[in-house]
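Data first, discussion second: the structure below is written as structure tokens.
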Amino acid sequence: MKRVSIFLTVAMMIMALGCGQAVKKTDSTVKKDSLVSTETFEILDVQTFRENLENFTYIKSAEELMYLFYNYDLEEEGNQKLSINTVDFGAENYEVTLIHEGLPDDSVYALKIVMTAKRTGSTWIINEIKRNWKCQKGRGHQNWGTELCI
């Protein structure tokens, strides 16, 4: 019963991230140490989040903005790990990547959310938020992608 509850919580969280709507998929080419890989992402519909940001003028960093969007409390059981990496492109433009590993789910192992945003004074403008995931071993793809886990 507890496992079903955890699964439903994670499933609802993933749906809530995009208000249940992924508007399109996109491919990104990532270069790392002369290796090239292609990741598939779902672009999230974040209009409601954008509108609500007007009320949050106290957000000082791109990391705080990501925490506000993700809004997930780590449960005590399991080996969950939440990491955030921010790239500052200058002129108050940022790319923030959140990776949540060890999800309490029997299909999905990790979730990645990438947000691009610009800070203008005390206001944040969201350009795009996209997500992808990795499956648990034996439950689907082990690379970042958008194919369903089984």
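The values are calculated or read from the model by the stated rules, or taken from the named source; none is laboratory data. Predicted, not measured: the structure shown is a model, and the values here were computed from it. Neighbour counts are summed over all protein chains in view; Cβ atoms, including those assigned to glycine, are modelled from backbone coordinates with ideal geometry.
Of the listed requirements (1) closer than 24 Å to T38 by Cβ; (2) in a strand (DSSP E or B); (3) touching a strand residue (DSSP E or B) at 6+ places or on another chain (Cβ under 6 Å), F89 misses just one: (3).
So which residues in region 41-96 are free of Cβ contacts under 8 Å to residues at least 40 places away in the same chain, within 29 Å of E147 (Cα to Cα) and among the aliphatic types (A, V, I, L, M), if there are any at all? Answer for region 41-96, where residues must be free of Cβ contacts under 8 Å to residues at least 40 places away in the same chain, within 29 Å of E147 (Cα to Cα) and among the aliphatic types (A, V, I, L, M): L68, L74, L82, I84, V87, V96.
Matching residues to (1) of a type in the set (S, T, N, Q); (2) in contact with a Gly (Cβ under 9 Å, 6 or more places away or on another chain); (3) part of a strand (DSSP E or B):
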| position | (1), (2), (3) |
| --- | --- |
| I84 | no, no, yes |
| E95 | no, no, yes |
| K134 | no, yes, yes |
| H141 | no, no, no |
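Selection of region 71-123 for residues being modelled with pLDDT under 95 and among the hydroxyl-bearing types (S, T, Y) yields Y72, T120, S122, T123.
Filter region 54-80 for residues that are assigned to a helix (DSSP H, G or I) and more than 17 Å from the chain's Cα centre (by Cα) and give the result. Selection gives E54, N55.
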